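To start, the structure itself, in structure tokens.
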Amino acid sequence: MTRRRKSKRKWRRIDLHIHTPVSADYRETGVSYLDILKAADRRGLDVIAFTDHNSVAGYRQMMDEIEGLTMLEGLGRMEPEEKKRLEEYRRLSQKILILPGFEFTATLGFHILGLFPPNMAVREIEFILRELGVPVEKLDAGSGEVGATSDVLTAYRVIDEAGGIVIAAHVNSTHGVAMRRMGFGGQTRIAYTQDPHLHALEVTDLDSQGRHTTARFFDGSRPEYPRRMHCIQGSDAHRLTRDPKDDKALGVGERVTEVLLTEMNFASLRDVFLGNDFARTRPYRGVNAPDDFVQAARAEGPSIVQGFHEGYTQRGGRLYAIMADICAFANTNGGTIYVGVSADPKQPPAGVRDVSRVLKRLQEEVERRITPPLDVSMDVQETQGSKVIRIVVSRGDDVPYAIDDSKIYVRSEAETEMAVRDEIVSLIARTVKGEQTAPEEERVGHIEPPRTGVEVVETEDRGGVLYHALRDLRNGNVVKNVTRKSARRLWHYAITQVEENPVDASKVEWHGDIGVLKRREHGGNSRYDLVQRDGSKLRGYYGVTEDGIHGAWARLVGLDSDE
């Protein structure tokens with residue numbers, strides 16, 4: 001079923017990580033809860049959350065103060081200053097959605113934000129903290145040190161099942177579950193950042209550009225992290241304004257996210273984080289021009305989760321190519337397709353004429369040609385004065401999806417290809433299992449192979465024709481009976497190299513037992529042919545992209561390692 005969103009939406013500024021004086025490490029004295037709301041108002045915030053360490057006492061004390069002032073008003077016993085204070089609370093509560101929450105310290109010291117609707121009783125939230133192992137005597141302490149608590153995955157589940165929003169706090173820095181640029185993590189990091197009960201990642205580099213930002217790491221293109229994650233930023237404010245002596249000690253609203261909401265309420269905010277529309281959040285940049293999301297996507301270029309089509313007519317197979325991409329994304333990791341614009345960010349967008357007619361045609365084609373029924377979202381985006389259509393495809397739950405009942409496509413890096421037999425078998429196995437797990441780590445010595453590209457693992461001569469078995473390094477699947485004639489692009493390249501240019505150890509740039517055979521540019525990105533010694537055997541890995549390079553391989557080719 002195809003769904004087109006028609007609701008009125010508005011960009012709202014949010015800061016979902018704000019501490020109050022209840023937190024033991026708060027850095028200012030004499031700050032009131034009303035002072036925090038006034039600071040949020042000055043910053044133009046629409047939604048904030050009180051997230052004290054392992055406590056909801058700050059939010060409770062603010063509500064108790066408001067209740068006390070309201071009681072005095074009802075009794076006719078208010079002093080002028082009290083009346084003014086209550087009026088300010090009411091004014092700001094009308095402008096700002098204030099959410100109760102906490103910053104929970106899980107085992108091993110990882111921090112998790114749990115946010116809840118304003119009508120949820122404080123005692124219910126405190127019950128959640130107790131369920132997570134926070135001692136009764138620590139509920140009002142606001143301390144990050146609360147002894148033995150629950151593990152990360154349990155915390156995600158408990159908060160989510162209670163109807164909360166689950167955000168891993170400052171994931172790329174201290175106490176962050178991403179464990180970026182550490183020499184350990186592996187399967188633990190995958191579990192902590194891909195769990196279905198986790199709704200978003202809070203990062204400190206959302207406003208940064210480049211290939212090595214945290215948001216790019218979790219954009220769904222990495223083989224071990226197929227679930228694309230919503231990334232936001234928050235101030236983690238422990239004071240009203242930035243500390244002039246410590247540039248990293250931010251104040252309220254000094255690192256803000258904008259989110260596109262249908263309504264100004266908790267349910268609408270939670271829907272954004274549970275959805276697959278990643279254009280509904282962006283870093284807030286003050287008075288600067290709003291983000292051109294399409295142009296930013298073009299700068300990143302085509303990938304396993306992103307595609308571009310300048311043309312959309314049936315003539316020349318352009319419409320079919322769009323359908324093939326939709327089918328491939330559903331069968332792989334999901335993704336976003338832009339129609340009416342090329343992948344080259346230097347080229348002006350062609351745009352889409354008669355947007356309503358084209359949208360209707362695309363919707364009809366998806367419903368008529370792709371089976372089983374597939375949930376696809378389409379909308380219109382503007383870029384450089386032109387209108388383009390954006391198609392958001394979720395990773396399918398009922399794979400394999402096919403065009404015209406028989407043509408099954410998959411996404412291989414930045415290209416859409418017809419699936420071969422072994423890939424179809426793997427898709428069916430994924431449906432039977434009900435989930436797709438990360439590929440098992442195959443080790444050669446102590447160094448795992450790269451995680452993208454292809455390896456020719458076996459070759460057999462049948463009547464003068466060479467048949468190869470190839471391992472897709474992204475998912476570990478082995479596809480057999482591939483010839484040079486039947487191979488797709490990357491496979492064809494790898495087979496050609498194996499048949500015509502077998503690895504010559506003397507031509508490898510070695511670093512211990514791993515080495516570089518060749519580096520080449522492909523579509524503006526670097527691809528590597530790498531080699532690894534396995535006893536007396538040399539294993540070749542062809543067409544490895546930067547997304548698949550880690551650990552010792554990253555050091556070998558001169559890239560910073562993310563592990």
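Got a sec? Which of 277, 271, 243 is surrounded by fewer than 19 Cβ atoms within 10 Å (Cβ to Cβ), without any contact (Cβ under 8 Å) to a residue 12 or more places away in the chain and acidic (Asp, Glu)?
From the options 277, 271, 243, the qualifying one is 271.
Look at residue 547 and say whether it is surrounded by 14 or more Cβ atoms within 10 Å (Cβ to Cβ) and at pLDDT 95 or above.
On the way: surrounded by 14 or more Cβ atoms within 10 Å (Cβ to Cβ): yes; at pLDDT 95 or above: no.
No: the conditions fail for residue 547.
So which residues in the range 488-521 are touching a residue at least 12 places away in the same chain (Cβ under 8 Å), under 35 Å from the mean Cα position of the chain (by Cα) and either in a helix (DSSP H, G or I) or closer than 26 Å to residue 226 by Cβ (or both), if there are any at all?
Within the range 488-521, 488, 489, 490, 491, 493, 494, 495, 514 qualify.
Just to be sure, is residue 453 crowded, with 18+ Cβ neighbours inside 10 Å and either among the hydroxyl-bearing types (Ser, Thr, Tyr) or on the phi > 0 side of the Ramachandran plot (or both)? Before the answer, list the steps.
Numbers: crowded, with 18+ Cβ neighbours inside 10 Å: yes; either among the hydroxyl-bearing types (Ser, Thr, Tyr) or on the phi > 0 side of the Ramachandran plot (or both): yes.
Spelling it out, residue 453 is indeed crowded, with 18+ Cβ neighbours inside 10 Å and either among the hydroxyl-bearing types (Ser, Thr, Tyr) or on the phi > 0 side of the Ramachandran plot (or both).
With (1) exposed (fewer than 14 other Cβ atoms within 10 Å of the Cβ); (2) in contact with a Lys or Arg (Cβ under 9 Å, 6 or more places away or on another chain); (3) closer than 28 Å to residue 214 by Cα as the list, and residue 499 as the residue in question, which single condition is left unmet?
(3)
Can you name the residue in the range 456-468 that is in a strand (DSSP E or B) and not aliphatic (A, V, I, L, M) and is also surrounded by the most Cβ atoms within 10 Å (Cβ to Cβ) among such residues?
Looking only at the range 456-468, we keep the residues that are in a strand (DSSP E or B), and these are 456-462, 465-468.
The next check asks that each one be not aliphatic (A, V, I, L, M); those that pass are 458-462, 467-468.
Values: 458: 12, 459: 14, 460: 11, 461: 8, 462: 9, 467: 17, 468: 23.
The residue in question is 468.
With respect to residue 456, determine if the residue is modelled with pLDDT of 95 or more and under 28 Å from residue 424 (Cβ atoms). Even if it seems obvious, please write down each step before you answer.
Working: modelled with pLDDT of 95 or more: yes; under 28 Å from residue 424 (Cβ atoms): yes.
Here the answer is yes, as residue 456 does meet what is asked.
Among the listed residues 296, 321, which satisfies the condition of being touching a strand residue (DSSP E or B) at 6+ places or on another chain (Cβ under 8 Å), in a helix (DSSP H, G or I) and either surrounded by fewer than 21 Cβ atoms within 10 Å (Cβ to Cβ) or not aromatic (Phe, Trp, Tyr) (or both)? Explain how you work it out, then say what you get.
Working: 296 fails: touching a strand residue (DSSP E or B) at 6+ places or on another chain (Cβ under 8 Å).
Unique residue meeting the criteria: 321.
Filter the range 511-544 for residues that are among the acidic types (Asp, Glu) and either modelled with pLDDT under 95 or farther than 21 Å from residue 472 by Cβ (or both) and give the result. Outline the logic, then answer.
From the range 511-544, those among the acidic types (Asp, Glu) are 513, 521, 529, 534; that's our starting set.
513, 521, 534 - these are the residues of the range 511-544 that are among the acidic types (Asp, Glu) and either modelled with pLDDT under 95 or farther than 21 Å from residue 472 by Cβ (or both).
With the condition kept exactly as written, say whether any residue in the range 65-84 is under 19 Å from residue 237 (Cα atoms), buried (at least 16 other Cβ atoms within 10 Å of the Cβ) and β-branched (Val, Ile, Thr).
In the first step, residues of the range 65-84 are kept if they are under 19 Å from residue 237 (Cα atoms); the result is none.
No, that holds for no residue.
Looking at 30, 44, which is the one that is assigned to a loop (DSSP other than H, G, I, E, B), free of Cβ contacts under 8 Å to residues at least 12 places away in the same chain and under 16 Å from residue 241 (Cα atoms)?
On the way: 44 fails: free of Cβ contacts under 8 Å to residues at least 12 places away in the same chain.
Selected residue: 30, the only one of 30, 44 that is assigned to a loop (DSSP other than H, G, I, E, B), free of Cβ contacts under 8 Å to residues at least 12 places away in the same chain and under 16 Å from residue 241 (Cα atoms).
Would you confirm, using the coordinates I've provided, whether residue 227 is farther than 21 Å from residue 11 by Cβ, at pLDDT below 90 and within 17 Å of the chain's Cα centre (by Cα)? Lay out the reasoning, then the answer.
Values: farther than 21 Å from residue 11 by Cβ: yes; at pLDDT below 90: no; within 17 Å of the chain's Cα centre (by Cα): yes.
Considered against the rule, which asks whether it is farther than 21 Å from residue 11 by Cβ, at pLDDT below 90 and within 17 Å of the chain's Cα centre (by Cα), residue 227 comes out as no.
Report, by residue number, each residue of the range 355-386 that is charged (D, E, K, R) and under 29 Å from residue 401 (Cα atoms). First the steps, then the outcome.
The first filter runs over the range 355-386 and keeps only residues charged (D, E, K, R), leaving 357, 360-361, 364-365, 367-369, 375, 379, 382.
Of everything in the range 355-386, those that are charged (D, E, K, R) and under 29 Å from residue 401 (Cα atoms) turn out to be 357, 360, 361, 364, 365, 367, 368, 369, 375, 379.
Can you name the residue in the range 237-258 that is of a type in the set (Lys, Arg) and within 25 Å of the chain's Cα centre (by Cα) and is also nearest to residue 42 (Cα to Cα) among such residues? Lay out the reasoning, then the answer.
Step one: filter the range 237-258 for residues of a type in the set (Lys, Arg), giving 239, 242, 245, 248, 255.
Then keep just the ones that are within 25 Å of the chain's Cα centre (by Cα); that gives 248, 255.
Working: 248: 20, 255: 14 Å.
Per the criteria, the residue is 255.
Just for the range 348-398: of the residues that are assigned to a loop (DSSP other than H, G, I, E, B), among the small types (Gly, Ala, Ser) and under 26 Å from the mean Cα position of the chain (by Cα), which one is surrounded by the fewest Cβ atoms within 10 Å (Cβ to Cβ)? Full working, then the answer.
If we filter the range 348-398 for residues that are assigned to a loop (DSSP other than H, G, I, E, B), which is where we start, we get 348-354, 372-375, 384-385, 394-398.
Retained after the next criterion (residues that are among the small types (Gly, Ala, Ser)): 350-351, 385, 394, 396.
Then drop every residue that is not under 26 Å from the mean Cα position of the chain (by Cα), which leaves 394, 396.
Details: 394: 16, 396: 21.
Going through the qualifying residues, I end up with 394.
For residue 252, which of the numbered conditions (1) farther than 20 Å from residue 285 by Cα; (2) in a loop (DSSP other than H, G, I, E, B) fails to hold?
Looking at each condition in turn, residue 252 falls short on (1).
Give the range 324-347 a look and list any residue that's polar (S, T, N, Q) and not in a strand (DSSP E or B), or say none.
Step one: of the range 324-347, the residues polar (S, T, N, Q) are 331-333, 336, 342, 347.
Listed by number, the residues that qualify are 331, 332, 333, 342, 347.
Here are the criteria: (1) surrounded by fewer than 18 Cβ atoms within 10 Å (Cβ to Cβ); (2) within 21 Å of the chain's Cα centre (by Cα). Tell me which single one residue 171 does not satisfy.
Only one criterion in (1) surrounded by fewer than 18 Cβ atoms within 10 Å (Cβ to Cβ); (2) within 21 Å of the chain's Cα centre (by Cα) is unmet by residue 171, namely (1).
Restricting the search to the range 124-177, which residues are more than 26 Å from residue 205 (Cα to Cα) and of a type in the set (A, V, I, L, M)?
The answer is 125, 128, 129, 132, 134, 136, 139, 141, 146, 148, 158, 162.
Considering only residues that are crowded, with 23+ Cβ neighbours inside 10 Å and within 12 Å of residue 24 (Cβ to Cβ), which ones fall in the range 43-61?
The answer is 52, 53, 54, 55, 58.
Out of the range 400-441, which residues are out of contact with any strand residue (DSSP E or B) (no Cβ under 6 Å at 6 or more places or on another chain), at pLDDT below 95, surrounded by 19 or more Cβ atoms within 10 Å (Cβ to Cβ) and in a loop (DSSP other than H, G, I, E, B)?
413
Hey, can you tell me all the residues within the range 133-163 that are over 18 Å from residue 49 (Cβ atoms), of a type in the set (Gly, Ala, Ser) and under 30 Å from the mean Cα position of the chain (by Cα)?
133, 143, 148, 150
Would you mind finding the one in 474, 484, 539 that is touching a residue at least 60 places away in the same chain (Cβ under 8 Å) and assigned to a loop (DSSP other than H, G, I, E, B)? First the steps, then the outcome.
Details: 484 fails: touching a residue at least 60 places away in the same chain (Cβ under 8 Å); 539 fails: assigned to a loop (DSSP other than H, G, I, E, B).
Answer to the selection: 474.
Could you identify the single residue in 60, 130 that is farther than 28 Å from residue 189 by Cα and either under 25 Å from the mean Cα position of the chain (by Cα) or not acidic (Asp, Glu) (or both)?
60
The values are calculated or read from the model by the stated rules, or taken from the named source; none is laboratory data. Quick caveat: nothing in here was measured; it's all calculated off a predicted structure. Positions of Cβ are backbone-derived with ideal geometry, glycine not excepted, and every protein chain shown enters the neighbour counts.
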